[in-house]
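J.: One structure is given below, represented as structure tokens, and several questions about it will come after.
Derivation of every value follows stated rules applied to the coordinates shown; laboratory data play no part. Since the structure is predicted, the reported quantities are computational estimates derived from the model, not experimental observations. Neighbour counts run over all protein chains shown; Cβ positions are idealised from the backbone, glycine included.
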Amino acid sequence: MVKKPYGSLVGVRPGKLVDQMLSIGFTPREIVHRLALERDVDPVRARLVVDVAEIQNDLLAPLVGRHDLISLYIGIPFCPSRCAYCSFPSHSLTQYRRAAREEYCRGLEQELWSVGQDLEQLGLKVCTCYIGGGTPTTLTAGQLERLLAAVHRLPLWEGKLELTIEAG
């Protein structure tokens, strides 16, 4: 039988389990030992999961208890082609006018400006922004540059902005 490096933790978020163990007082060394013994996790992988959880906790610590921070999702509803399995509301560029990207981007820039005004009025700041799809990389370089500039004009958290762009 092939030994799985993450033992019985396959299909789950091992970092979440480690975070719970850290929060109730287990030391990193105890966690590595317990993961290896109780969950059949390779000790090197167990140490890796603990290291990642500790780094993640350090990064997230400034966000704990902050009610003035929000996460923003921006959907780009275009794809190079339509996948048979896809359930997302998107448009294939082969079937849809390419000019629609430009119209959509102009509208999105206006909406982001409006959202920025609302955020300022409410005293909220963006700490994470996820640009998904569809396929955001179907935008031209210029369109993507304008979109990112519009995001950076929003009221942003003074810490580090986490920005993720799907690139399928």
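J.: What are the ³J(HN,Hα) couplings of segment 53-59, residue after residue, when phi is run through the Karplus curve with 6.51, -1.76, 1.60 and θ = phi - 60°? Round to Hz, x for glycine and proline.
T.: 4, 5, 5, 4, 4, 4, 5
J.: If I model a spin label at residue 163 and residue 38 as a point 7 Å from the Cα along the Cα→Cβ vector, what separation in nanometres do I get?
T.: 4.2 nm
J.: For segment 7-62, max minus min Cα coordinate along each principal axis, in Å, sorted largest first?
T.: 33, 22, 18
J.: Sort 60-66, 101-107 by the packing proxy (mean of other Cβ within 10 Å over each peptide's residues), most packed first.
T.: Working: 60-66: 10.1, 101-107: 14.4.
For the peptides 60-66, 101-107, the packing ranking is 101-107, 60-66.
J.: To continue, here is another question. With axes computed from alpha carbons, what is the tilt in degrees of helix 14-23 against the longest principal axis of the chain, rounded to the nearest 10 within 0 to 90?
T.: Computed tilt is about 60 degrees.
J.: Tell me, what HN-Hα J-couplings in whole Hz come from the Karplus equation 6.51 cos²θ - 1.76 cosθ + 1.60 at θ = phi - 60° for each residue of segment 36-52, using x for Gly and Pro?
T.: 5, 6, 8, 10, 6, 8, 4, x, 5, 5, 4, 5, 4, 4, 5, 4, 4
J.: Quick one: if the Förster radius is 22 Å, what FRET efficiency do residue 128 and residue 87 give, using the C-beta to C-beta distance and rounding to 0.05?
T.: E(calc), rounded to 0.05, equals 0.35.
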